[in-house]
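The values are calculated or read from the model by the stated rules, or taken from the named source; none is laboratory data. The model shown is predicted, which means the values in this text are computed figures rather than measured ones. Methodologically, a virtual Cβ is constructed for each residue, glycine included, from the backbone with ideal geometry; neighbour enumeration extends over all protein chains shown. For the accessible areas, the whole protein counts, side chains as well, though only heavy atoms, and no ligand, DNA or RNA atoms are used. Shrake-Rupley method; radii C 1.70, N 1.55, O 1.52, S 1.80 Å.
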Amino acid sequence: MAKLESKGKEAPQVQEKLDSLTRNLSERFSHFEKEINQIKEEAASAKKKVEVSQPVAPAPAPPPRSASKPGAARVHTVAPGENLYRIAMRYNLSMDELRRLNNLKPDQSIQVGQKLNVGP
C-alpha cells in the first residue's frame, strides 16, 4: 500500500516535469522560428541590394561568323574567366582537339589575352 501511495505522489511531480520540459521546448522552438524568419528577411534584403547594385552582366557574345578565306585559321582571344573547356564547347571542339590545334600540353594553362586557334 505504501508503494501505491508513493507512486500516487510521484505522478504529479512527473506531470509537472513534463509540463516544464514542454514549455521549455516550446520556447526554444519559438526562438528558432524567429531566428529563421530573421535570416530569411536578411537574405531577401541582401538579394535585393545585390540586384539593385549589380546589374546582370550580358551573356558573352558568340564568336563572330565572318566569311573567312579558305584555309585561314579562326582565332579566339582568351578573356578573363574563360578556360579550355568553355572555349572548346563554344567552338564545338573537344579539349584534346583544342590542345592539339594550339600545341598545348595536358598540364599547360592558358592566359588572358592569349590567342588560340579554334579551327581552320
Q: State whether the residues of segment 45-57 include one that is under 29 Å from residue 114 (Cβ atoms), modelled with pLDDT of 80 or more, small (Gly, Ala, Ser) and open to solvent by less than 100 Å² (accessible area, probe 1.4 Å).
A: no
Q.
Can you list residue pairs whose Cβ atoms sit under 8 Å apart, with the first residue in segment 25-43 being assigned to a helix (DSSP H, G or I) and the second being of a type in the set (S, T, N, Q) and at pLDDT 80 or above? Count only pairs 6 or more apart in sequence or on different chains.
A. none
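Suppose we keep only residues that are hydrophobic (A, V, I, L, M, F, W, C) and part of a loop (DSSP other than H, G, I, E, B) within segment 97-117. Which one would you say is surrounded by the fewest Cβ atoms within 10 Å (Cβ to Cβ)? Outline the logic, then answer.
Filtering segment 97-117 for residues hydrophobic (A, V, I, L, M, F, W, C) gives 98, 101, 104, 110, 112, 116.
In the following step, the residues that additionally are part of a loop (DSSP other than H, G, I, E, B) were identified as 104, 110, 112.
Working: 104: 17, 110: 16, 112: 10.
Within segment 97-117, the match that is surrounded by the fewest Cβ atoms within 10 Å (Cβ to Cβ) is 112.
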Q. Which one of the conditions (1) among the hydrophobic types (A, V, I, L, M, F, W, C); (2) at pLDDT 80 or above; (3) over 30 Å from residue 120 (Cβ atoms); (4) open to solvent by less than 100 Å² (accessible area, probe 1.4 Å) does residue 2 fail to meet, given that it meets all the rest?
A. (2)
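Return a yes/no flag: does segment 80-93 have any residue that is surrounded by fewer than 11 Cβ atoms within 10 Å (Cβ to Cβ), assigned to a loop (DSSP other than H, G, I, E, B) and in contact with a Pro (Cβ under 6 Å, 6 or more places away or on another chain). Working first, answer last.
The first filter runs over segment 80-93 and keeps only residues surrounded by fewer than 11 Cβ atoms within 10 Å (Cβ to Cβ), leaving 80-81, 92.
Then keep just the ones that are assigned to a loop (DSSP other than H, G, I, E, B); that gives 80-81, 92.
Add one more test, that the residue is in contact with a Pro (Cβ under 6 Å, 6 or more places away or on another chain), and what stays is none.
Checking segment 80-93: not a single residue is surrounded by fewer than 11 Cβ atoms within 10 Å (Cβ to Cβ), assigned to a loop (DSSP other than H, G, I, E, B) and in contact with a Pro (Cβ under 6 Å, 6 or more places away or on another chain).
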